[in-house]
Amino acid sequence: MDNKLIDESKKYLMNTYNRYPIVLRKGRGVKVWDTEGKEYTDFVGGIAVNCLGHCHRKVVIALQKQAQRLLHVSNLYYIEPQINLARLLVQHSCADKVFFCNSGTEAIEGAIKLARKYAKDHVSPERYEIISAYSSFHGRTLAALSATGQEKFQQGFEPLVPGFQHVPFNDADAIRKAITKQTCAVLLEPIQGEGGIRMPSKDYLIEVRKICDEHKLLLILDEIQTGMGRTGKLFAYEHYNVEPDIFTLAKGLGGGVAIGALLAKEHVAESFHHGTHASTFGGNPLACSAALASMETLLEDNFLLDNCLHLGNYFMDRLEKLKKDFPSLIIEARGLGLMLGLELIKAGAAIVESCAHRGILINCTCGNVLRFTPPLIITEKDIDYLIEVLEDVFEMHA
Ligand SMILES: Cc1ncc(COP(=O)(O)O)c(C=O)c1O
């Protein structure tokens, strides 16, 4: 354990993260190493960020080339990587237009602004309210936090931004009942991530889409965690036969580099015109080059998307088997592709720590849901090793 660095971190950094006592220095593929050379297999993947694994060759080369050419100019000018990335996203999604920003929460802020502006332009000037779900997570800036349906993240930051209503996830009728004359949009994660890998029923999103159409509401899907192949399709909405009017991306988009995006249908995107929204660093050359290389690699022969679905099924079978073997410890295994969760009867922190001792990084959300969001390049062998470690660790903690 690198105590000196950890002490310095406590001295100089704001105390916002409850970190594990591990200082990571290097990563390749699904492996990372700490400052003492200990190797870990990474089932966190930067929390659904490192879809191609760590330091993928093509992303690194794209960054190196771009860094030598042009690091930053303002959005007052056109830049090639931004246009190329937008074209690729539009070609492979239901959206027509893209706005680039730097993070997930910023993409959500943009989506909220765009929905309000569209409603004022096209439906009614009174409409500004957005319905979102309990247990959702949409980010930490104030409007995204107000949209988030979890009080624990909001406490201490009141008053929140007005205009958000929360309803139970996976309950289309609750949305219907919550609509008022002020409602302009519904905002949902297709699969809730931070909320504990909560799955929608098969028809939920189709039903929500219908409700939105009937009431002239926009459907905004937050694909920040589910997007970029995480669930075995490029975007999770593809599993559920719906098309959102607006959707947001971040996390996996940059292959490890910070970037966010807001995507919309043409008629909605038109409500953002000159001067309505902007970002100094949004869509900068470096981030867009990394994202372009990452997305091109992800799409190559569909290999990684197929791998994600295939290995996701394999992984899920192994988790189901664990559930049978440890009925007094495990409530449920759930998820899709390589976005999986294992809900425990008790807190998961000690299990995460025991796994780290054995060279496996996993994450725990909601206190008792072990979350697995590994790089999409993971192999059966990596999964087998994780299960072997979990079996031992569960024996210890059962
Ligand atoms: C679904 C979802 N939306 C928004 C966010 C916020 O993204 P960021 O941390 O990049 O601001 C997250 C982050 O975990 C997320 O999972």
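The values are calculated or read from the model by the stated rules, or taken from the named source; none is laboratory data. Note that the structure is predicted; figures quoted are calculated from it, not measured. Glycine gets a Cβ as well: all are built from the backbone with ideal geometry, and neighbour counts include every protein chain shown. Remember, those area values only see protein heavy atoms, side chains included, never the ligands or the DNA or RNA. Shrake-Rupley method; radii C 1.70, N 1.55, O 1.52, S 1.80 Å.
Selection of region 388-398 for residues being in contact with a Leu (Cβ under 7 Å, 6 or more places away or on another chain), of a type in the set (A, V, I, L, M) and crowded, with 18+ Cβ neighbours inside 10 Å yields only L390.
Residue-wise test of (1) open to solvent by less than 50 Å² (accessible area, probe 1.4 Å); (2) touching a residue at least 40 places away in the same chain (Cβ under 8 Å); (3) in a helix (DSSP H, G or I).
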{"site": "V32", "(1), (2), (3)": "yes, yes, no"}
{"site": "L52", "(1), (2), (3)": "yes, yes, no"}
{"site": "V59", "(1), (2), (3)": "yes, yes, yes"}
{"site": "A62", "(1), (2), (3)": "yes, yes, yes"}
{"site": "L71", "(1), (2), (3)": "no, yes, no"}
{"site": "P81", "(1), (2), (3)": "yes, yes, yes"}
{"site": "R87", "(1), (2), (3)": "no, no, yes"}
{"site": "S93", "(1), (2), (3)": "yes, yes, no"}
{"site": "F100", "(1), (2), (3)": "yes, yes, no"}
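Among A133, A111, A147, which is the only one that is under 15 Å from A269 (Cα atoms), modelled with pLDDT of 95 or more and in contact with a strand residue (DSSP E or B) (Cβ under 7 Å, 6 or more places away or on another chain)?
Working: A133 fails: under 15 Å from A269 (Cα atoms); A147 fails: under 15 Å from A269 (Cα atoms).
Exactly one residue qualifies, and that residue is A111.
Does region 196-205 contain any residue that is on the phi > 0 side of the Ramachandran plot, small (G, A, S) and in contact with a helix residue (DSSP H, G or I) (Cβ under 8 Å, 6 or more places away or on another chain)? No - not one qualifying residue is present in region 196-205. Scanning region 7-30 for residues that are over 19 Å from G255 (Cα atoms), outside any helix (DSSP H, G or I) and either among the small types (G, A, S) or within 19 Å of the chain's Cα centre (by Cα) (or both) yields a single hit, Y17. Of the residues making up region 158-172, those that are away from the ligand (no atom under 13 Å from the Cβ) and assigned to a loop (DSSP other than H, G, I, E, B) are E158, P159, L160, V161, P162, G163, P168, N170, D171.
Scanning region 216-237 finds one or more residues that are away from the ligand (no atom under 16 Å from the Cβ), outside any loop (DSSP other than H, G, I, E, B) and farther than 17 Å from Q91 by Cβ. Comparison of L263, L286 shows that the only residue that is open to solvent by less than 70 Å² (accessible area, probe 1.4 Å) and away from the ligand (no atom under 16 Å from the Cβ) is L286. Would you say T280 is more than 16 Å from the ligand (Cβ to nearest atom) and either under 20 Å from L187 (Cβ atoms) or open to solvent by 50 Å² or more (accessible area, probe 1.4 Å) (or both)? When the stated conditions are applied, T280 passes them.
One residue is enough: does region 3-18 have a residue meeting the conditions over 20 Å from C364 (Cβ atoms) and either open to solvent by less than 30 Å² (accessible area, probe 1.4 Å) or in contact (Cβ under 8 Å) with a residue 24 or more places away in the chain (or both)? Yes, region 3-18 has at least one match. Taking the conditions (1) free of Cβ contacts under 8 Å to residues at least 40 places away in the same chain; (2) within 16 Å of the ligand (Cβ to nearest atom) in turn, G254 satisfies each one other than (1).
Scanning region 165-178 for residues that are open to solvent by less than 50 Å² (accessible area, probe 1.4 Å), over 24 Å from I47 (Cβ atoms) and in contact with a strand residue (DSSP E or B) (Cβ under 7 Å, 6 or more places away or on another chain) gives V167, A174, I175, A178. When you scan region 340-351, do you find a residue that is in contact with a Leu (Cβ under 7 Å, 6 or more places away or on another chain) and farther than 18 Å from R198 by Cβ, even just one? Yes: region 340-351 contains one or more residues that are in contact with a Leu (Cβ under 7 Å, 6 or more places away or on another chain) and farther than 18 Å from R198 by Cβ. I'd like to know if region 199-218 contains one or more residues that are under 30 Å from A62 (Cα atoms) and in contact with a Phe, Trp or Tyr (Cβ under 9 Å, 6 or more places away or on another chain). No, because not a single residue in region 199-218 is under 30 Å from A62 (Cα atoms) and in contact with a Phe, Trp or Tyr (Cβ under 9 Å, 6 or more places away or on another chain). Could you grab me the full set of residues in region 112-157 that are within 15 Å of the ligand (Cβ to nearest atom), part of a loop (DSSP other than H, G, I, E, B) and open to solvent by less than 70 Å² (accessible area, probe 1.4 Å)? Matches in region 112-157: S135, S136, F137, H138, G139, T141, T148, Q150. Return the residue satisfying two criteria in turn: it lies in region 190-215 and is open to solvent by 10 Å² or more (accessible area, probe 1.4 Å) and within 16 Å of the ligand (Cβ to nearest atom), and of such residues it is farthest from A48 (Cα to Cα). Here the answer is P200. Looking for something part of a helix (DSSP H, G or I), free of Cβ contacts under 8 Å to residues at least 12 places away in the same chain, surrounded by fewer than 19 Cβ atoms within 10 Å (Cβ to Cβ) and within 22 Å of the chain's Cα centre (by Cα) - is there at least one such residue anywhere in region 362-385? No, region 362-385 has no match at all.
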